[in-house]
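So the structure is just underneath, and the comments pick up after that.
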Amino acid sequence: MERLRVGLIGLGGVAEVHLEAYRDVDGVEVVAGSELIEERLVEITGKWRIRGYRDYEEMLDRERLDVACILTPATSHATISQHVARCGVHVLCEKPLAASLDDARAMIQTCRDEGVKLFYGSSYRFLPPVMKAKELVDQGRVGKVTLLMEAVVGGRGRRHYHDLGPHHYAAGGPGGGGMGLVDHGIHLLDIFPWLTGSEVQSVVGRGNISGSAPEPEFLTMIFENGAVGQLVYNDATFASDMPQEGLFGWGWSWDVQGDLIPGGGWNEHPASIFPDARNAEAR
């Protein structure tokens with residue numbers, strides 16, 4: 001079987017996740033990668049023994065690629081993906097697909113016009129627990145799904161809140177932190193309709209703006225079959241002690257600092273305080 005030749009555009013942290021995965025996939029060979037930061041380019045291409053380029057356009061010109069994986073910040077996805085498509089190479093784009101609806105539509109249309117496939121990195125659909133949940137739902141073994149929820153609330157206060165910034169999301173547009181509605185919640189926006197098997201009928205919500213102070217974020221989806229999807233995020237709070245209260249964690253998870261939390265753990269700090277912006281510096 002002929003192997004698919006893959007090139008990576010952007011060799012940041014997520015690139016190694018891709019490289020680890022492709023190493024275990026038969027029929028796939030990562031042959032090259034491009035990266036603007038010289039030190040990172042040398043490090044990753046040397047470690048993984050792939051050819052390196054500072055310019056992704058040069059990589060596309062010189063390599064005979066079947067698929068290009070776009071692993072750069074969302075603001076660059078539209079420009080890069082359309083160039084890849086015009087080179088006749090299939091596109092795998094990391095989440096979120098684009099930083100605006102117009103960009104996403106342009107990406108889709110260009111790939112359609114050029115006759116190449118565009119795949120969005122909806123990785124949560126391939127998590128074993130989510131795949132099993134989908135199987136049980138489709139088999140009718142858990143009844144009708146009526147409510148889906150995720151809440152990620154925590155952090156170390158406003159002072160330690162990290163806005164991903166204009167490099168990832170243009171100032172003044174949708175943005176915020178890494179565990180917020182735009183950068184993380186996109187996974188749930190993808191799998192909630194998939195799990196319910198129903199289209200979204202209406203949406204109401206509020207998200208953070210790139211470059212602005214953090215606020216609580218929420219989104220409520222009403223599906224055509226009557227189900228409700230609810231997301232709540234705030235990674236700029238302080239954990240607070242509640243001596244008589246706690247929260248039991250059933251499965252493995254991540255906190256807003258990105259630390260892995262083993263399943264079956266007891267969280268002694270289930271409450272959070274979100275300080276007024278005027279008092280943030282005092283915290």
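The values are calculated or read from the model by the stated rules, or taken from the named source; none is laboratory data. Here the structure is a predicted model, which is why all the values come from computation and not from measurement. When we count neighbours, we look across all protein chains shown, and the Cβ atoms used for this are built from the backbone with ideal geometry, even at glycine.
Looking at this structure, is G249 modelled with pLDDT under 90, small (G, A, S) and surrounded by 13 or more Cβ atoms within 10 Å (Cβ to Cβ)?
Yes; evaluated as a whole, the condition is true for this residue.
Evaluate the following for R158: is it of a type outside the set (G, A, S) and under 16 Å from the mean Cα position of the chain (by Cα)?
For R158, the condition - of a type outside the set (G, A, S) and under 16 Å from the mean Cα position of the chain (by Cα) - is not met.
Being assigned by TED's automatic domain parsing to the domain that holds L71, modelled with pLDDT under 95 and in contact with a Pro (Cβ under 9 Å, 6 or more places away or on another chain) is the requirement here; does G27 meet it?
Criteria not met by G27.
With outside the structural domain of H168 (by TED's automatic domain parsing), assigned to a loop (DSSP other than H, G, I, E, B) and within 21 Å of E16 (Cα to Cα) as the only criterion, which of T45, T72 stands out?
Exactly one of T45, T72 is outside the structural domain of H168 (by TED's automatic domain parsing), assigned to a loop (DSSP other than H, G, I, E, B) and within 21 Å of E16 (Cα to Cα), namely T72.
Among what's in segment 109-130 and is under 23 Å from A170 (Cβ atoms) and surrounded by 16 or more Cβ atoms within 10 Å (Cβ to Cβ), pick the residue that is nearest to the chain's Cα centre (by Cα).
Step by step, filter segment 109-130, then rank; the result is G121.
How many residues are over 20 Å from Y124 (Cα atoms), hydrophobic (A, V, I, L, M, F, W, C) and buried (at least 18 other Cβ atoms within 10 Å of the Cβ) if we restrict to segment 188-216?
Adding up the residues that qualify gives 1.
Starting from segment 193-217, keep only residues that are among the charged types (D, E, K, R), then list their pairs with residues that are at pLDDT 95 or above and loosely packed, with under 14 Cβ neighbours inside 10 Å whose Cβ atoms are within a distance under 7 Å, requiring at least 6 positions of separation or different chains.
Cβ pairs passing all conditions: E199/E224; E217/R206.
Here is a list of conditions, (1) assigned to a loop (DSSP other than H, G, I, E, B); (2) under 15 Å from the mean Cα position of the chain (by Cα), and P166 meets all of them except one; can you say which number that is?
(2)
Give me a count of the residues in segment 1-42 that are assigned to a strand (DSSP E or B) and either surrounded by fewer than 15 Cβ atoms within 10 Å (Cβ to Cβ) or free of Cβ contacts under 8 Å to residues at least 24 places away in the same chain (or both).
So the answer is 1.
Suppose we filter L164, L219 for residues that are hydrophobic (A, V, I, L, M, F, W, C), closer than 20 Å to S123 by Cβ, modelled with pLDDT of 95 or more and not assigned by TED's automatic domain parsing to the domain that holds S100; which single one remains?
Just one listed residue meets the conditions, L219.
Filtering segment 71-90 down to residues that are in contact with a Leu (Cβ under 7 Å, 6 or more places away or on another chain) and aliphatic (A, V, I, L, M), which residue is farthest from L41 (Cα to Cα)?
Going through the qualifying residues, I end up with V89.
Out of curiosity, is G175 closer than 14 Å to V153 by Cβ and modelled with pLDDT of 75 or more?
no
I'm checking my understanding of the structure. Among residues of segment 56-69 that are free of Cβ contacts under 8 Å to residues at least 60 places away in the same chain and part of a loop (DSSP other than H, G, I, E, B), which one is surrounded by the fewest Cβ atoms within 10 Å (Cβ to Cβ)?
Step by step, filter segment 56-69, then rank; the result is R64.
Report, by residue number, each residue of segment 75-108 that is touching a Cys at 6+ places or on another chain (Cβ under 7 Å) and either in a loop (DSSP other than H, G, I, E, B) or crowded, with 22+ Cβ neighbours inside 10 Å (or both).
H77, S81, A85, V91
Can you tell me which residue within segment 99-124, out of those that are among the small types (G, A, S) and modelled with pLDDT of 95 or more, is farthest from L188 (Cα to Cα)?
Out of the qualifying residues, it is G115.
Restricting to segment 140-179, name every residue that is closer than 20 Å to V130 by Cα and surrounded by 13 or more Cβ atoms within 10 Å (Cβ to Cβ).
Result: V145, L148, E150, V152, M179.
Could you grab me the full set of residues in segment 109-144 that are touching a strand residue (DSSP E or B) at 6+ places or on another chain (Cβ under 9 Å) and part of a loop (DSSP other than H, G, I, E, B)?
Within segment 109-144, V116, K117, G121 qualify.
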